[in-house]
Amino acid sequence: MGSVDAFEDGIRSQPAMMRRFRPQEPLRRLRGCAFTGNGDSLAAALVAGALSGGEARAADPDETLAGRPPARLYCISVSGRTAACVRAARHAESTAVTADPSSPLARACGSVIRIGGPGPVHTAGSATFLESALACASLVSRFRVPDGARLLAAAERDAEGAGITGSLFVLGSGASYPLAMYCAAKFYEVLGDGARYCRTEQFYHMELFCARPGDTVLMLDGPDGHGEALRRGGIRVVAPRPPRGAVPGIIYRAMYSQVLALREARRRDVRDCYFATSRAKRASDRAIYCKV
């Protein structure tokens, strides 16, 4: 099986994962807590920080080492082998959010929240990201798990004909900003495309000035009232309409991002994810994973 096929399998597995998912008991005290991770896991950490209303901190692992350590640090790593998370875990009372309870991260932490692991084929993260994000979200907010099949169907319907041309700019704000980061990551990993993720307001101050006619702006918050002006400048605007509610909106945006990257891979007849075959993967592995 090619890694793009495996990516699609991961996407399709998410409704079943959501039916099995059991939320954590929300924390009684959020102030002083922090969430951290790398890559997709940093996006999951930022989701938790946004849903906490700013009471819980979300940061890069190295940033958590600066200043006073948090009262409780939640370190997110599906593999449990990211070296930066292990370093951060050793400097605070910490809990691992991981698929491997015997991993270096789990051993460095005082407790473990276990999530499902990836499939046998190495591919871009889908269900593992969503479960990590939901696990962390449930620590900072109480919610009912929505119907994953319905959200996936909506994401697939809305992605139909979206089409990406030129350079991609993904916009989000608040809890949708981490999903803009995640969406860009899928285009990096699956296609090797240099997408940019931006906070919606900041895009109009900075990144807009490097956008060119034919480029695509993806508005994960939905239409923002400025799309027509962008279109007049020759920029393609894609603005899905997420469902109401913080958690359904997060899930929808994650699924929409996955489907968009998958459809683009199918359109280009890509069989294997770019990062799985790239020479850069060896450098990445050496930089981010524990040596033992």
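Output wanted: per-residue J couplings in Hz (rounded whole) for the range 214-219, from phi through Karplus 6.51 cos²θ - 1.76 cosθ + 1.60, θ = phi - 60°, x for Gly and Pro.
Listing the rounded values in order: x, 6, 10, 10, 9, 9 Hz.
For residue 142 paired with residue 107, estimate the spin-label separation in nm (one decimal), with each label point 7 Å from Cα along the Cα-to-Cβ line.
Label at residue 142, label at residue 107, 3.9 nm between them.
Which FRET efficiency value, to the nearest 0.05, is calculated for residue 269 and residue 91 with the Förster distance at 41 angstrom and r the Cβ-Cβ distance?
Numbers: r = 47 Å, r/R0 = 1.15.
The computed FRET efficiency comes out at 0.30.
Counting pairs of alpha carbon atoms under 8 Å apart in space and at least six apart in sequence, what relative contact order in percent does the chain give?
Worked out over the chain, it gives 20 percent.
Between the range 242-292 and the range 1-40, what is the C-alpha centre distance in whole Å?
Rounded to whole Å, the Cα centres lie 14 Å apart.
Between the range 83-104 and the range 156-233, how far is it from one alpha carbon centroid to the other, in angstrom?
Here the two parts' Cα centres lie 33 Å apart.
Using the charge dipole of the chain (Lys, Arg: +1 at Cβ; Asp, Glu: -1 at Cβ; taken about the Cα centre), state which of 208, 3, 233 has its Cα farthest towards the positive end.
It is 3.
Once label points are set 7 Å from the Cα along Cα→Cβ at both residue 150 and residue 71, what is their separation, rounded to one decimal in nm?
Simple spin-label model gives 3.7 nm for this pair.
Out of the trypsin sites (Lys or Arg not before Pro) in the range 1-87, which ones are loop residues according to DSSP with at most 13 other C-beta atoms within 10 Å?
Within the range 1-87, the qualifying trypsin sites (Lys or Arg not before Pro) (loop, at most 13 other Cβ atoms within 10 Å) are 28, 29, 31.
If packing is taken as the average number of other Cβ atoms within 10 Å across a peptide's residues, how do 192-204, 162-174 rank, most packed first? Let's see the in-between values first.
Working: 192-204: 17.4, 162-174: 19.3.
So the peptides 192-204, 162-174, ranked by packing, come out 162-174, 192-204.
Looking at the chain as a GNM with Cα springs under 10 Å, which of 43, 59, 71 has the largest mean-square fluctuation?
71
Placing unit charges on C-beta atoms (Lys and Arg positive, Asp and Glu negative, everything else neutral), compute the dipole magnitude of the range 138-292 about its Cα centre in debye, rounded to 20.
Its charge dipole is roughly 380 debye.
Less than 13 Å Cβ to Cβ from residue 130, Lys/Arg counted +1 and Asp/Glu -1: what total charge do the surrounding residues give?
Net local charge, residue 130 excluded: +3.
How large is the charge dipole for the chain, taken about the Cα centre, if only the Cβ atoms of Lys, Arg (+1) and Asp, Glu (-1) carry charge, to the nearest 20 debye?
560 debye
How would you rank 219, 181, going from fewest to most other Cβ atoms within 10 Å of each one's own Cβ?
Working: 219 23, 181 20.
Placing the least packed residue first, the sequence is 181, 219.
Sorted from fewest to most neighbouring beta carbons within 10 Å, what does the list 112, 86, 217 look like? Show your work: numbers first, answer last.
Numbers: 112 18, 86 24, 217 27.
In order of increasing Cβ crowding within 10 Å: 112, 86, 217.
Taking the Cα atoms of the range 148-267, report the difference between the largest and smallest coordinate on each principal axis, in whole Å and largest first.
Rounded to whole Å, the extents work out to 38, 30, 22 Å.
Modelled label-to-label distance, residue 22 and residue 283, 7 Å Cα→beta-carbon offset: nm?
Distance between the two pseudo-spin positions: 4.5 nm.
Read-outs: derived from the displayed coordinates by stated rules, not from any lab. All of these numbers come straight from a predicted model, not from anything done at the bench. Every residue, glycine as well, gets a Cβ built from its backbone with ideal geometry; the counts of neighbours run over all protein chains shown.
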